[in-house]
Every structure is written in structure tokens, then in C-alpha cells.
Amino acid sequence: MHASILPPAYRRDAAAHPPLDSPDYGSTRLRHPLRAPVPLTQTLTELTGPLLGAERVGPLDHDLTRQHDGEPLGERIIVHGRVLEEDGRPVPDTLLEVWQCNSGGRYRHDGDRHPAPLDPNFSGVGRCLTGADGAFRFVTIRPGAYPWGNHHNAWRPAHIHFSLFGRAFTQRLVTQMYFPGDPLFGQDPIFNSVRDPLARERLVAAFDLAETQPEWALAYRWDIVLRGREATPREEDGA
Ligand SMILES: [Fe+2]
């Protein structure tokens with residue numbers, strides 16, 4: 001293949017992204033790869049293959065508060081931002097998926113045994129496509145903190161999981177968004193597996209008064225930058 005049509009390669013930035021084996025984050029000991037990764041070069045096959053298109057995303061898929069007959073309990077919030085390349089170019093038509101626990105800190109998942117109530121009106125999953133300007137917007141409930149047994153009295157700071165598909169399935173990125181000023185940051189090995197303090201800050205959304213809707217919802221802004229010095233730290237494959 002001629003070099004000019006090779007798709008861009010995403011290089012791992014060891015300072016900004018968490019190591020696959022993070023000893024303080026116990027389960028990475030069991031599940032991090034022990035052998036060097038085998039690079040799968042992207043080709044035009046991956047780039048031109050089928051992706052989930054706009055027709056798969058329903059008009060309410062971005063609104064996690066309207067997936068059931070009633071409204072979920074908790075603090076309604078708007079989470080919005082843009083997906084950007086390192087030079088500020090927007091990344092349009094990218095599928096974003098989110099998942100999170102409910103306001104009491106419980107996931108709707110068999111593996112979650114945290115003795116907090118499930119909310120019959122909250123599934124905790126949503127998705128949307130970025131617009132032409134790379135923008136996305138979700139309406140949801142502020143997630144609660146939850147204990148996770150990694151160490152004595154371990155609690156996760158409130159967070160929303162994000163998955164992004166770029167222009168091909170092979171470009172999937174996974175990361176987490178946090179809320180400003182969370183008192184649990186200091187003791188969380190997952191948040192702190194990102195060693196660069198400036199990179200950790202890029203995982204934290206900003207309170208956005210301008211986008212807050214009076215009498216209805218607070219708003220947070222979080223831009224996702226795919227690479228470069230301002231890149232949003234992300235979990236690598238197998239992490
Ligand atoms: Fe989580």
C-alpha cells in the first residue's frame with residue numbers, strides 16, 4: 001500500500017495513559033497482557049468497513065432519563081462537549097456510548113452486589129453520534145460513588161464510562177469522565193493510574209453554568225481530545 005493512503009497510527013503516550021499493569025489497581029494484575037502486543041495495522045478494509053450508522057441511533061438514545069415510564073431518582077444533569085483531533089479539528093459522526101451507575105451508586109448488572117437500591121427507571125446506558133462540529137450531548141443522572149473492594153474502604157469517585165468509535169471499529173477508545181472537586185480522587189487507584197497530574201485534570205469535566213437549564217438541570221462540559229499533548233487519557237485494549 002502506498003504510504004500516502006495509510007491511516008494514521010495512534011502512538012501510546014506512556015506519560016499520559018495508565019500502564020496496563022497498575023499494582024494499586026488490583027485486578028490489572030490478573031488481566032493485563034503478559035506478552036508484547038501484536039500490532040494490527042489498519043488498512044482500507046477497516047476504514048471502509050461497516051460502522052454503526054446514524055440510523056442505528058434512536059432520537060432518545062442520548063437521554064438516559066427517558067428510557068422508562070417514570071423518571072429516575074437523582075440529580076438530573078447535562079453532559080456535553082466535543083470530540084477533537086489534536087489540532088482542534090472536530091471529529092464528526094463518531095459513535096459515543098456511555099454507561100454508569102445510578103444515583104445510589106449501583107449498576108444494573110448481575111455482578112454488582114453493592115447493597116444500594118436499583119432504580120426501575122434507570123438503565124444507565126446511552127449513546128449518540130457527534131455532529132458535524134464534533135459535539136455530543138447526553139442527559140442523565142449524576143452517578144453516585146460506589147465501593148469496589150480493591151482495598152480497605154475503597155470507593156470510586158463518581159464517573160461516567162465513555163466508549164468512542166472513530167472512523168472504524170479498530171479505533172475504539174475507552175475512558176472515564178469525572179466530576180470536579182470529588183473528595184474521592186486522592187484514594188482512587190484507577191484515577192491515579194494516570195500519573196501525569198495535568199493528564200488527570202483532562203479526565204475531569206468542568207461545571208458549565210452557561211449550559212445549565214434553569215429549573216431543570218445542571219450542566220458539565222467535557223471535551224475529548226484524541227491525541228497530542230492535550231489528549232484525554234484512555235484505557236488501552238486489554239486494560
Ligand atoms: Fe464504573
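All of the numbers you see were taken from the coordinates with simple rules; none came from a lab. Computed from a predicted model, the values in this text were never measured in an experiment.
Backbone amide hydrogens, once placed in the peptide plane, bring Asp196 within less than 5 Å of nothing, excluding anything fewer than 5 places away on its chain. Would you mind telling me the antiparallel percentage of the DSSP bridges in the chain, rounded to 5? Here the antiparallel bridges make up roughly 80 percent for the chain.
Roughly how many whole Å is it from the C-alpha centroid of the range 110-141 to that of the range 11-35? Value for the Cα centre distance between the two parts: 26 Å.
Considered as an equivalent ellipsoid built on the Cα gyration tensor, the chain has semi-axes of 28, 24, 17 Å, the largest given first. Rounded, prolate or oblate: which one fits the range 17-71, using the alpha carbon gyration tensor with axes a ≥ b ≥ c (rounded when a/c is under 1.5, else prolate when a/b beats b/c, else oblate)? Verdict is oblate for the range 17-71. 3J(HN,Hα) couplings calculated from phi for the range 209-226 with the Karplus curve 6.51 cos²θ - 1.76 cosθ + 1.60 (θ = phi - 60°) are, in sequence order, 4, 4, 8, 4, 9, x, 6, 9, 7, 7, 9, 10, 10, 8, 8, 10, 9, 6 Hz; Gly and Pro show x. Normalised radius of gyration (Cα atoms, divided by 2.2 N^0.38 Å) for the range 137-239: 1.15.
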